[in-house]
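Q: There's a structure below that I have some questions on.
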Amino acid sequence: MTGLVVGDDGLARCGWGASTPDYVVYHDTEWGRPVHGDGAIFERLTLEAFQSGLAWITILRKREGFRAAFDGFDPVAVAAYGEADRARLLADAGIVRNRAKIDATIANARALVTLLDADGPGALDRLVWSFAAPRRRPRPRSLADVPATTPESAALAKELKRRGFVFVGPTTAYAGMQAMGLVDDHLAGCHVPRS
């Protein structure tokens, strides 16, 4: 899909955002809206890493399973996971059972705890949002105008890696930036208001 789609409700949406009822809700109420808070950002970065190589709908439909499996994305709890937790997660059909991505989530929780210990509450929030795009850049006219990476996402990925995070390349970082509202990649004409 390259453009807008008008739904049965008469609202124009980004083409991908109208393809399933799950996407309609996600597109209309969450994607591209500002996300703040260390735990909320940790969740989004984790889900984007799990999405790598898969369709986002797979992750979206398993989101509650991820929340239950990873203690609500409490970084302190996840950072304390050991081998028994890894085994539990690898057996959990409610999530994507990928050892590398599970290990990355635990490593990222540990990196986040270290960051919070050093810089206090809100450290990940401040770090991630320091890479936000200018708020009033024009919305893309088509999906072809939406990049997979940007200099900001490459810089964010580099800084996260420097801080000990893994599985956060520029593409994953950019997808997170889109999801968390650091950039507004809703297409021009989409009914979702600018945040």
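Q: What's the number of the condition Ser195 fails, among (1) at pLDDT 95 or above; (2) part of a loop (DSSP other than H, G, I, E, B)?
A: (1)
Q: For the stretch 128-159, which residues satisfy the criterion of being at pLDDT below 95 and farther than 15 Å from Tyr174 by Cβ?
A: Pro134, Arg135, Arg136, Pro138, Arg139, Arg141, Ser142, Ala144
Q: Pull up the stretch 65-75, narrow it to residues that are touching a Lys or Arg at 6+ places or on another chain (Cβ under 9 Å) and not small (Gly, Ala, Ser), then point me to the one that is surrounded by the fewest Cβ atoms within 10 Å (Cβ to Cβ). If you could, list the steps in order and put the result at the bottom.
A: Step one: list which residues in the stretch 65-75 are touching a Lys or Arg at 6+ places or on another chain (Cβ under 9 Å), which gives 69, 73, 75.
Then keep just the ones that are not small (Gly, Ala, Ser); that gives 73, 75.
Details: Phe73: 23, Pro75: 25.
That would be Phe73.
Q: Can you work out which of the residues in the stretch 151-195 that are of a type in the set (S, T, N, Q) and buried (at least 17 other Cβ atoms within 10 Å of the Cβ) is nearest to Arg33 (Cα to Cα)?
A: Our first condition is that a residue be of a type in the set (S, T, N, Q); within the stretch 151-195, this holds for 153, 171-172, 178, 195.
Right, trim to buried (at least 17 other Cβ atoms within 10 Å of the Cβ) and you get 153, 172, 178.
Details: Ser153: 17, Thr172: 17, Gln178: 9 Å.
Filtering first and then ranking leaves Gln178.
Q: Another question, then. For Asp22, state whether it is under 14 Å from Leu160 (Cα atoms), charged (D, E, K, R) and under 17 Å from the mean Cα position of the chain (by Cα).
A: Numbers: under 14 Å from Leu160 (Cα atoms): no; charged (D, E, K, R): yes; under 17 Å from the mean Cα position of the chain (by Cα): yes.
Judged against the criteria, Asp22 is not a match.
Q: Of the residues in the stretch 41-64, how many are surrounded by 15 or more Cβ atoms within 10 Å (Cβ to Cβ) and in a helix (DSSP H, G or I)? Working first, answer last.
A: Step one: of the stretch 41-64, the residues surrounded by 15 or more Cβ atoms within 10 Å (Cβ to Cβ) are 41-52, 56-57, 59-60, 62-63.
Checking which are in a helix (DSSP H, G or I) leaves us with 41-51, 56-57, 59-60, 63.
Matching residues across the stretch 41-64 total 16.
Q: I've got another one for you. Pull out all pairs, ordered by first then second residue, where Cβ-Cβ is under 9 Å, the residues are six or more apart or on different chains, the first lies in the stretch 76-87 and is surrounded by 11 or more Cβ atoms within 10 Å (Cβ to Cβ), and the second is not in a helix (DSSP H, G or I).
A: Ala77/Phe70; Val78/Phe70; Tyr81/Phe70
Q: Taking only the stretch 107-121 into account, find how many residues are out of contact with any Lys or Arg (no Cβ under 7 Å at 6 or more places or on another chain) and surrounded by 20 or more Cβ atoms within 10 Å (Cβ to Cβ). Quick ask: steps written out before the conclusion?
A: The initial filter retains those residues of the stretch 107-121 that are out of contact with any Lys or Arg (no Cβ under 7 Å at 6 or more places or on another chain), namely 107-110, 112-114, 116-121.
In the following step, the residues that additionally are surrounded by 20 or more Cβ atoms within 10 Å (Cβ to Cβ) were identified as 108-109, 112.
The number of residues fulfilling the criteria is 3.
Q: Quick test of your reading of the structure: Gly94 fulfils all but one of (1) in contact with a Phe, Trp or Tyr (Cβ under 6 Å, 6 or more places away or on another chain); (2) over 23 Å from Ser153 (Cα atoms). Name the failing condition by number.
A: Unmet for Gly94, out of (1) in contact with a Phe, Trp or Tyr (Cβ under 6 Å, 6 or more places away or on another chain); (2) over 23 Å from Ser153 (Cα atoms): (1).
Q: If Leu124 passes every condition in (1) surrounded by fewer than 16 Cβ atoms within 10 Å (Cβ to Cβ); (2) touching a helix residue (DSSP H, G or I) at 6+ places or on another chain (Cβ under 8 Å); (3) not acidic (Asp, Glu) but one, which one does it miss?
A: Evaluating Leu124 over (1) surrounded by fewer than 16 Cβ atoms within 10 Å (Cβ to Cβ); (2) touching a helix residue (DSSP H, G or I) at 6+ places or on another chain (Cβ under 8 Å); (3) not acidic (Asp, Glu) leaves (1) as the failure.
Q: Right, here's the next one. Mind checking which residues of the stretch 128-140 are surrounded by 14 or more Cβ atoms within 10 Å (Cβ to Cβ) and more than 15 Å from the chain's Cα centre (by Cα)? Let's see the steps before the verdict.
A: Taking the stretch 128-140 first, the residues surrounded by 14 or more Cβ atoms within 10 Å (Cβ to Cβ) are 128-129, 131-133, 139-140.
Within the stretch 128-140, Ala133, Arg139, Pro140 meet the criteria.
Q: Give me the pairs: first residue in the stretch 138-167 and free of Cβ contacts under 8 Å to residues at least 40 places away in the same chain and among the polar types (S, T, N, Q), second residue surrounded by fewer than 17 Cβ atoms within 10 Å (Cβ to Cβ) and in a helix (DSSP H, G or I), beta-carbon distance under 9 Å, and six or more apart or on different chains, which are they?
A: Every condition considered, the pairs that remain are Thr149/Thr171; Ser153/Thr171.
Q: If you don't mind, another one. For the stretch 67-76, indicate whether the set of residues that are small (Gly, Ala, Ser), at pLDDT 95 or above, touching a strand residue (DSSP E or B) at 6+ places or on another chain (Cβ under 6 Å) and farther than 18 Å from Ala175 by Cα is non-empty. Write out each step before concluding.
A: Of all residues in the stretch 67-76, those small (Gly, Ala, Ser) come to 68-69, 72.
If we keep only those that are at pLDDT 95 or above too, we end up with 68-69, 72.
In the following step, the residues that additionally are touching a strand residue (DSSP E or B) at 6+ places or on another chain (Cβ under 6 Å) were identified as none.
No; the residues of the stretch 67-76 include none that is small (Gly, Ala, Ser), at pLDDT 95 or above, touching a strand residue (DSSP E or B) at 6+ places or on another chain (Cβ under 6 Å) and farther than 18 Å from Ala175 by Cα.
Q: The conditions are (1) at pLDDT 95 or above; (2) hydroxyl-bearing (Ser, Thr, Tyr); (3) farther than 14 Å from Val128 by Cβ; (4) in contact with a Phe, Trp or Tyr (Cβ under 9 Å, 6 or more places away or on another chain), and Thr46 fails exactly one of them. Which is it?
A: The failed condition is (3).
The values are calculated or read from the model by the stated rules, or taken from the named source; none is laboratory data. Bear in mind that the values here come from a model prediction, so they are computed numbers and not experimental data. Heads up, the Cβs are rebuilt from the backbone with ideal geometry, glycines too, and the neighbour counts pull from every protein chain shown.
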